[in-house]
Amino acid sequence: MNSLLRRSIFPLYSNTRKIPSRLFADVAVKDKIDDIVKKNKVVVFMKGVPDAPRCGFSNAVVQIMRMHAVPYESHDVLSDENLRQGIKDYSNWPTIPQVFINGEFVGGCDIMLQMHQSGELVEELKKVGIKSALLTAEETKKEEA
């Protein structure tokens, strides 16, 4: 009787550790994001796609990238809810868009706008071997003068 009672109160699997299925999904998403940001010089996680941004902040980042003629990889977080939450967890940053340069999280729209206005973005791009179109245009003006 004692063993029967013990089995009903403490089933056989009670000592095994249950791992939520979401944990496996989180690890897979984290690995996917890690792979994306490390394989590309510049990555933008945004709402929509560069040709059709689906929020004003994502649009602003796209416009900044276009002004500098930066080649970048983009990922639409609206098409994948796991990616949308995963990128927030990965960077520990609550908002979208998110920009990564050389595998490192740079920031969102506000930070990109500040970097663009201060000229810091040109310097960061230069560090990864990308020459900003704004720098090229400035050099052309100096040569013509």
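The values are calculated or read from the model by the stated rules, or taken from the named source; none is laboratory data. Treat the numbers as computed from the prediction; the structure is a model and nothing was measured. As a convention, Cβ positions derive from the backbone with ideal geometry for all residues, glycine included, and neighbour counts pool all protein chains shown.
Within region 108-120, the only residue that satisfies the criterion of being under 20 Å from Ile87 (Cβ atoms) and part of a loop (DSSP other than H, G, I, E, B) is Gly108. Please work out which residue is farthest from the chain's Cα centre (by Cα), limiting yourself to region 37-54 and to residues that are surrounded by fewer than 18 Cβ atoms within 10 Å (Cβ to Cβ) and either part of a helix (DSSP H, G or I) or aromatic (Phe, Trp, Tyr) (or both). Step by step, filter region 37-54, then rank; the result is Lys39.
Kindly indicate whether Glu73 is at pLDDT below 95, out of contact with any Asp or Glu (no Cβ under 8 Å at 6 or more places or on another chain) and on the phi < 0 side of the Ramachandran plot. No: the conditions fail for Glu73. Among the listed residues Phe57, Phe105, identify the single one that is at pLDDT 95 or above and part of a strand (DSSP E or B). One residue alone meets the criteria, Phe105.
Scanning region 63-88 for residues that are in a helix (DSSP H, G or I), without any contact (Cβ under 8 Å) to a residue 40 or more places away in the chain and buried (at least 20 other Cβ atoms within 10 Å of the Cβ), we see that the one that is farthest from the chain's Cα centre (by Cα) is Met65.
Scanning region 89-105 for residues that are without any contact (Cβ under 8 Å) to a residue 60 or more places away in the chain and under 19 Å from Val49 (Cβ atoms) returns Thr95, Ile96, Pro97, Gln98, Val99.
So Ile96 fits all but one of (1) in a loop (DSSP other than H, G, I, E, B); (2) more than 9 Å from the chain's Cα centre (by Cα); what number is the exception? Of everything listed in (1) in a loop (DSSP other than H, G, I, E, B); (2) more than 9 Å from the chain's Cα centre (by Cα), Ile96 misses just condition (2). Residue under question is Val42, and the condition is that it be in contact (Cβ under 8 Å) with a residue 60 or more places away in the chain and under 19 Å from Glu124 (Cβ atoms); does it hold? Here the answer is yes, as Val42 does meet what is asked.
In the set (1) assigned to a helix (DSSP H, G or I); (2) in contact (Cβ under 8 Å) with a residue 12 or more places away in the chain, Glu123 fails one condition alone, (2).
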